[in-house]
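Read the figures in this text as sums done on the coordinates, not as results from a lab. Only a predicted model underlies this, so the values are computations on that prediction, with no experimental measurement involved. Heads up, the Cβs are rebuilt from the backbone with ideal geometry, glycines too, and the neighbour counts pull from every protein chain shown.
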Amino acid sequence: MRTQLKKALLLWLMVAGMTFVGFQVGRLVAGPLFAAAAADAREQSSASSDELQAFAALEPIDTHVHAFKSDPAFADLMARLRLHVLDICVADTRRSFGDLATETARAEGFVQASQGHARLCVTFDPFAFQQKDFAQTTVKQLRQEFTDGGVAVKIWKNIGMELKTSDGRYVMPDDPAFEPIYQEIAAQNKTLVAHVAEPSSCWQPPNPDSPDYDYYKENPQWYMYLHPDHPRKEVILAARDHLLAENPELRVVGAHLGSMETDVDEIAKHFDRYPNFAVDTAARMEYLMIQPREKVRNFLIKYQDRVLYGTDLEFLNSEATPEALKDWRDTYARDWKFLATDQVLQYKSRQIEGLDLPEPVLRRIYHDNATHWIPGIVATSK
Ligand SMILES: [Zn+2]
């Protein structure tokens, strides 16, 4: 009962606040929402509410999350941050998220509970690629999932790094087996989200300064430095580039800075060559932080219509909600500080000065690019 009362009071405060500033635009809108939010002690976090207010004012879209648990607290968070997300399914045969059917069902549950704030990015099992009706069956499945609201399709790093033919050849993302699927995605005006290859550090000796050091320590099966018999990064990315060239009508968002994380010039070259290609920033913001500030800033300004904000944040079935909420808020606040302000951030032993990007550029990265590259990601932007 107490909770009910508190909720009613919060709601009233929010409605009153919104009415009060109803005719104002921009940053002001988010203010009263946060005043109300701050009243909820459970929601206190170390994240600065200033950053989150400014973030919320842009109606941000996070184009890369993995949310496989439903909790009304997350719908609340998204409503307060005016946040939309793309919830991405991953065909991980090592089952880190559960089997694909379970994972997809959980993602659908999250989307349904999101009150319009989340859309689904579906996937398919590439390991079936040698089955007789693979393309036909997959296309049929995708059509149904698009009808059910899916707006994008993910391919994952297992294509290029794990998947093999029966005679032991590694299967690349441009394999003809996948071509009918790519054509269908383009024909349906959906988007391919392509996590292809890995950061370069995956093929290099362990380096505690690398942003990915812990990941490869915990996931040695994906640490290619330990598996020199697997394909090299250049080979896998060349296949990705071939896919881009062969499918000019297909919009492709390269997840994780398109695995060209160490040098924005490399991404720029790809943007110049492939008009159907954009990238997301998921789990690679650190790589933008450690490159020369002016170079990164100029890159983001010049290619402001090609970079989509994404985080790789997770909300897993095994996770406690309060920790996940804190993680999401802290990440959004930190990224905002880096992209939008000139404040100094600490990253490992380094001091990083924020990029202080102009507001029109921030609007594109945080909102407009997502609706352009992934139509339907916000329900009203079809
Ligand atoms: Zn991801």
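Output the antiparallel fraction of DSSP beta bridges having both residues in the chain, as a percent to the nearest 5. Expressed as a percentage, antiparallel bridges in the chain total about 15. Each residue, ALA128 and THR93, gets one label point 7 Å from its Cα in the Cβ direction; the gap between the two is 1.4 nm. Taking label positions 7 Å along the Cα-Cβ direction at both LYS348 and THR262, the computed distance is 1.2 nm, reported to one decimal.
Among ILE181, ILE301, ILE236, the order by Cβ neighbours within 10 angstrom, fewest to most, reads ILE301, ILE181, ILE236. Gain on full extension, evaluated as 0.36 nm per residue between ALA245 and LYS302 minus their Cα-Cα distance, stands at 18.3 nm.
Which entries in LYS233/LYS326; LYS140/LYS164; LYS140/LYS217; LYS157/LYS302 show an alpha-carbon gap greater than 31 Å? Please report the intermediate quantities before stating the final value.
Numbers: LYS233/LYS326 35 Å; LYS140/LYS164 24 Å; LYS140/LYS217 39 Å; LYS157/LYS302 29 Å.
Exceeds cut-off: LYS233/LYS326; LYS140/LYS217.
Sparsely packed loop sites in the stretch 90-198 (the trypsin sites (Lys or Arg not before Pro) outside DSSP H, G, I, E and B with at most 13 other Cβ atoms within 10 Å) comprise ARG94, ARG95, LYS132, ARG169.
Taking label points 7 Å from Cα along the Cα-to-Cβ direction, ASN219 and ASP356 give a separation of 3.6 nm.
Here's the picture: a label point sits 7 Å out from the Cα of VAL235 along the beta-carbon direction, and within the stretch 188-225 the residues with their amide nitrogen under 18 Å of it are 196-204, 222-225. For LEU313, the residues whose modelled amide H falls within less than 5 Å of its own, excluding neighbours fewer than 5 places apart on the same chain, are HIS66. For the chain, the relative contact order is 18 percent, taking Cα pairs closer than 8 Å that sit 6 or more residues apart in sequence and dividing their mean separation by the residue count. Please work out the FRET efficiency for the pair ALA73 and ASP167, using the Cβ-Cβ distance as r and a Förster radius of 51 Å; give the result to the nearest 0.05. E between ALA73 and ASP167, to the nearest 0.05, is 0.50.
Helix content alone sets the calculated 222 nm mean residue ellipticity of the chain: runs of n ≥ 4 DSSP H residues at -39500 (n - 2.57) each, divided across all residues, give -13000 deg cm²/dmol.
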